[in-house]
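A quick write-up on the structure given underneath.
The values are calculated or read from the model by the stated rules, or taken from the named source; none is laboratory data. Quantities reported herein were computed from a predicted structural model and do not represent experimental measurements. Please note: Cβ atoms are built from the backbone with ideal geometry, for glycine as well, and neighbour counts cover all protein chains shown. Surface areas here come from the heavy atoms of the whole protein model, side chains and all, with no ligands, DNA or RNA. Shrake-Rupley method; radii C 1.70, N 1.55, O 1.52, S 1.80 Å.
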Amino acid sequence: MMSKIKSFDELKSVQERLKAGRDPKKPCITVCVGTGCLAYGTQKLVDSFREELAKRDLTGRIDFRTSGCHGFCERGPMVVISPEKVFYQRVGLMDAGEIIDKTVLKGEIIDRLLYVDPQTGEKYVHEDDVPFYKKQTRLVFGLNSKVDPQSMEDYLAIGGYSALGKALTTMKPEEIIQEVIKANLRGRGGGGFPAGWKWDETRKAKGEPKYIVCNADEGDPGAYMDRSLTEGNPHLVLEGMIIGAYAIGSSQGYIYVRNEYPLAVKNIHIAMRQAREAGLLGENILGTGFSFDLKINRGGGAFVCGESSALFASLEGRAGEPRAKYIHATDKGLYDKPTNLNNVETWANVPFIIERGADWYASIGTAGSKGTKIFSLVGKINNTGLVEVPMGTTLREIVFDIGGGIPEGRKFKAIQTGGPSGGCIPEKYLDMRVDFDELTKIGSMMGSGGMIVMDERNCMVDMARYFTNFLVSESCGKCVPCREGIRRMRDILVDITEGKGREEDVDLLEKMASSIVDGSLCALGSSAPNPVLSTIRYFRDEYMAHIKEKRCPAGVCKDLITYSVDPEKCTGCTLCAKVCPTGAASGERKKVHAIDPTKCTKCGACRESCKFEAIIVR
Amino acid sequence: MEEKVKEIIQRYSGDKSYLVPILQDVQKEFNYLPKDALYAVSTHLSVPVSRVYEVVTFYKAFSLKPKGRYQLSLCMGTACHVRGGELIARNVADTLGIKEGDTTADLEFSFETVGCLGACALGPILVVNGEYHGHMNIAKSTKILKKLGKKGATDDEQD
């Protein structure tokens, strides 16, 4: 346990002492234990490393660290061996002993654990050379691999809480706010509202106490950067919040985190306890007289609670229904007191702005969007993971240079950004520079940074139906246009995917969309039609194929497709017949198989099992 | 039951604003939210039972019905959807003979689809009693169900 740090100078000496106690040349094995890697069973690998080190009497002589998410989730479990930063991926759960003996002790490289670029066939030894990492600017997220999220010493040893010390002892609250305004830090949670302005309004608002809230209720399906920051580097988020609290004049803060993120809840709890013990949270922080404390609240699994006023209702122990916002949260938010809400990634950017200055920060990015953004690149993409790039990076760079393109040589079709409130972006915009304003211009939005890649086997009408269906179940029901309107849009989309669409449906969808936008209180309703509108805008021909020709070009919509066997490709391996639950697929060994359409339930089992792409879906 | 509820409320010092986490803990204790537990929360937290009911029915995380011995959650995040999650959902529901969100009559299986689990590299993902089974497909899901039905063990399927 760390004793209380009573001044900025003392903090500096603690950091120095911790840094001096660490030999940068000492070998260190780092294993990623983010939720993604843990899902691969990485805990077993961690246990085995500890065991093997103990067996060889190396504990202490070789450092071993578990860290938060490194971002390259596709290639987990991942191990990095410092100081050379040898990068091993898809490490077997029994490989620990071999890695210690060969690489750590003898400096030999284990060839089979190296990353091989699937496109060029080139092999990479060092983490920094891997194209996935090399083309990123890992400013905020990069610290994840340098710290054990449950160790405050790790964070202090890399200079953690320096920005807090600087802010509390050398800057006035107004100066901090001016710095954040000058840096033009925009909210990373979706809206992109300038954080500094919000801070300023909350500071100037009448009413005590003032609250600050961290929104970690990351509800966008396919986005998980906030979780990875919260669970991977919780002290960074805390540091940003404490600086914000000082600038705004708040003594009480809340972190609202999804209950589905147990590791994030655990790590932020631990970090808060450590920060309190060290005198960085609670009464009289760093001996400056400033006091601030935090509480954690777990969400109940409602997407709408990512919306500020709904989130406040939930924090107060009520159903999460939004209210009208003619009075801003900065005036009357939580418990009707001035409240400043920012999301995890926004808070995590703050220490960098204070530490290195607004000018430096504003030098990264585009004219209207500064700094970096973490995206979660998922779906039909070779390198699934979290990527951090400067604002203004093109979609093509993200998808192809970093993401490694589309698996199985299929063709890129669209990329969906902004979660259920966003839109689908077609191929012609691949060279667009991604920032808040550009995305909005083409009918999508930044959202929290989810990027879902789709290939030719994804049906855009089905995607619109999927998102609309999601929003039907997540609409809180308060505003009728949202509650009933989205439901009707969903029904129309279902009809289209079932071949019952009418030509006038597309116009009707567009008309309904504008009513829903006008008649909804919160952003859930007013952005709900985006997935429908953007798919109509860019993929109208696909809607028309469903409606006029009763055909699903991507082969997804069950009622419009039939399964058959390509006699040219079928080798008669019998696999499809084995997996078919209804006996529709049948045939003799080494002879071309057939699918009986009267028995086929279109479950897709044959297509997924076929190794020769011989199942035709039309 | 009342004692247990009281103890959970104590953990939060009887603070009403923690109604949602309190109910989460109660549900964890009893596997669902029995009617009596709702009344106990209402009494000891001094919150009208109508408010408790409103909150319980608003948030997706709560269940008023008992859950099965094997709780299956299929991720339906966008990444899992584009990789064919829906076909798997249909297969699991059909195989169990229940609808999404329901429990089999013998209280053996509950099946639900959930929002993003944030392990998209492994998608589609089926979670069986907290254990992740990644890169799910139709055939694999059938196999898992078969195993659970036959032997009733969840730890024998390795990816």
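When you go through B:Thr142, B:Thr103 one by one, which is the residue that is among the β-branched types (Val, Ile, Thr) and away from chain A (no Cβ under 11 Å)?
Testing whether each residue is among the β-branched types (Val, Ile, Thr) and away from chain A (no Cβ under 11 Å) leaves just B:Thr103.
Residues of region A:313-332 that are closer than 20 Å to A:Gln252 by Cβ, open to solvent by less than 10 Å² (accessible area, probe 1.4 Å) and in contact with a Phe, Trp or Tyr (Cβ under 8 Å, 6 or more places away or on another chain): A:Ser314, A:Leu315, A:Gly317. Scanning region A:311-330 for residues that are part of a loop (DSSP other than H, G, I, E, B), within 13 Å of chain B (Cβ to nearest Cβ) and without any contact (Cβ under 8 Å) to a residue 40 or more places away in the chain gives A:Glu316, A:Gly317, A:Arg318. Within region A:345-404, the residues that satisfy the criterion of being of a type outside the set (Gly, Ala, Ser), closer than 23 Å to A:Cys37 by Cα and part of a strand (DSSP E or B) are A:Lys373, A:Ile374, A:Phe375, A:Leu377, A:Val378, A:Leu386, A:Val387, A:Glu388, A:Val389.
Please work out which residue is farthest from the other protein chains (Cβ to nearest Cβ), limiting yourself to region A:30-70 and to residues that are β-branched (Val, Ile, Thr) and under 30 Å from A:Arg227 (Cα atoms). Even if it seems obvious, please write down each step before you answer.
Going residue by residue through region A:30-70, those that are β-branched (Val, Ile, Thr) are A:30-31, A:33, A:35, A:42, A:46, A:59, A:62, A:66.
If we keep only those that are under 30 Å from A:Arg227 (Cα atoms) too, we end up with A:30-31, A:33, A:35, A:42, A:46, A:62, A:66.
Working: A:Thr30: 19, A:Val31: 16, A:Val33: 13, A:Thr35: 6, A:Thr42: 11, A:Val46: 16, A:Ile62: 29, A:Thr66: 17 Å.
Of everything passing the filter in region A:30-70, A:Ile62 is farthest from the other protein chains (Cβ to nearest Cβ).
Against the test of being assigned to a loop (DSSP other than H, G, I, E, B) and within 13 Å of chain B (Cβ to nearest Cβ), the options A:Thr571, A:Thr582 yield a single qualifying residue, A:Thr582. Please pick out the residue among B:Ala79, B:Ala89, B:Ala61 that is under 18 Å from the mean Cα position of the chain (by Cα), under 30 Å from A:Phe72 (Cβ atoms) and either open to solvent by less than 60 Å² (accessible area, probe 1.4 Å) or not aromatic (Phe, Trp, Tyr) (or both). It is B:Ala89.
Within region B:1-44, count every residue that is outside any helix (DSSP H, G or I) and free of Cβ contacts under 8 Å to residues at least 12 places away in the same chain.
Initially, region B:1-44 is screened for residues outside any helix (DSSP H, G or I), giving B:1, B:12-15, B:31-34.
Those still in the list that are free of Cβ contacts under 8 Å to residues at least 12 places away in the same chain too: B:12-13, B:15.
The total comes to 3.
Given the criterion within 26 Å of A:Asn233 (Cβ to Cβ) and either in a helix (DSSP H, G or I) or of a type in the set (Ser, Thr, Tyr) (or both), identify the matching residue among A:Val104, A:Val91. Of the residues listed, the single one that is within 26 Å of A:Asn233 (Cβ to Cβ) and either in a helix (DSSP H, G or I) or of a type in the set (Ser, Thr, Tyr) (or both) is A:Val104. Within region A:214-262, if we keep just the residues that are open to solvent by 10 Å² or more (accessible area, probe 1.4 Å) and more than 15 Å from the chain's Cα centre (by Cα), the residue that is farthest from the other protein chains (Cβ to nearest Cβ) turns out to be A:Tyr246.
Does B:Glu157 satisfy the condition of being outside the structural domain of B:Phe30 (by TED's automatic domain parsing), at pLDDT 90 or above and not β-branched (Val, Ile, Thr)?
no
Taking region A:480-535 as the region of interest, the helices (runs of 4 or more DSSP H) fully inside it that hold 3 or more residues being among the charged types (D, E, K, R) are A:480-497, A:505-519.
Residue by residue through region A:281-298, note down the ones that are touching a Leu at 6+ places or on another chain (Cβ under 8 Å) and either part of a loop (DSSP other than H, G, I, E, B) or at pLDDT below 95 (or both). Within region A:281-298, A:Leu281, A:Thr288, A:Phe290, A:Asn297 qualify.
Among the residues of region B:45-86, the ones that are away from chain A (no Cβ under 12 Å) and without any contact (Cβ under 8 Å) to a residue 40 or more places away in the chain come to 3 in all. Candidates are the residues of region A:585-615 that are outside any loop (DSSP other than H, G, I, E, B) and open to solvent by less than 40 Å² (accessible area, probe 1.4 Å); the one that is nearest to the other protein chains (Cβ to nearest Cβ) is A:Ala605.
Here is a yes/no grid of residues against (1) in contact with a Gly (Cβ under 9 Å, 6 or more places away or on another chain); (2) open to solvent by less than 20 Å² (accessible area, probe 1.4 Å); (3) modelled with pLDDT of 95 or more:
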position	(1), (2), (3)
A:Arg457	yes, no, no
A:Ile492	yes, yes, yes
A:Asp505	no, yes, yes
A:Ile547	yes, yes, yes
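The number of residues in region A:166-213 that are outside any loop (DSSP other than H, G, I, E, B), surrounded by 20 or more Cβ atoms within 10 Å (Cβ to Cβ), in contact with a Gly (Cβ under 6 Å, 6 or more places away or on another chain) and not aliphatic (A, V, I, L, M) comes to 1. Cβ separations smaller than 7 Å between residues 6+ apart or across chains give the following pairs from region A:136-162 residues that are among the small types (Gly, Ala, Ser) to residues that are crowded, with 24+ Cβ neighbours inside 10 Å and assigned to a loop (DSSP other than H, G, I, E, B): A:Ser145/A:His70.
One residue stands out among those in region A:218-276 that are of a type in the set (Lys, Arg) and within 26 Å of A:Leu38 (Cα to Cα): the one that is modelled with the lowest pLDDT, which is A:Arg258. Every condition in (1) within 14 Å of chain B (Cβ to nearest Cβ); (2) closer than 30 Å to A:Gly371 by Cα is met by A:Lys134 except one, and the failing one is (1).
Scanning region A:336-385 for residues that are surrounded by fewer than 24 Cβ atoms within 10 Å (Cβ to Cβ), aliphatic (A, V, I, L, M) and over 22 Å from the mean Cα position of the chain (by Cα) gives A:Ala358, A:Ala362, A:Ala367.
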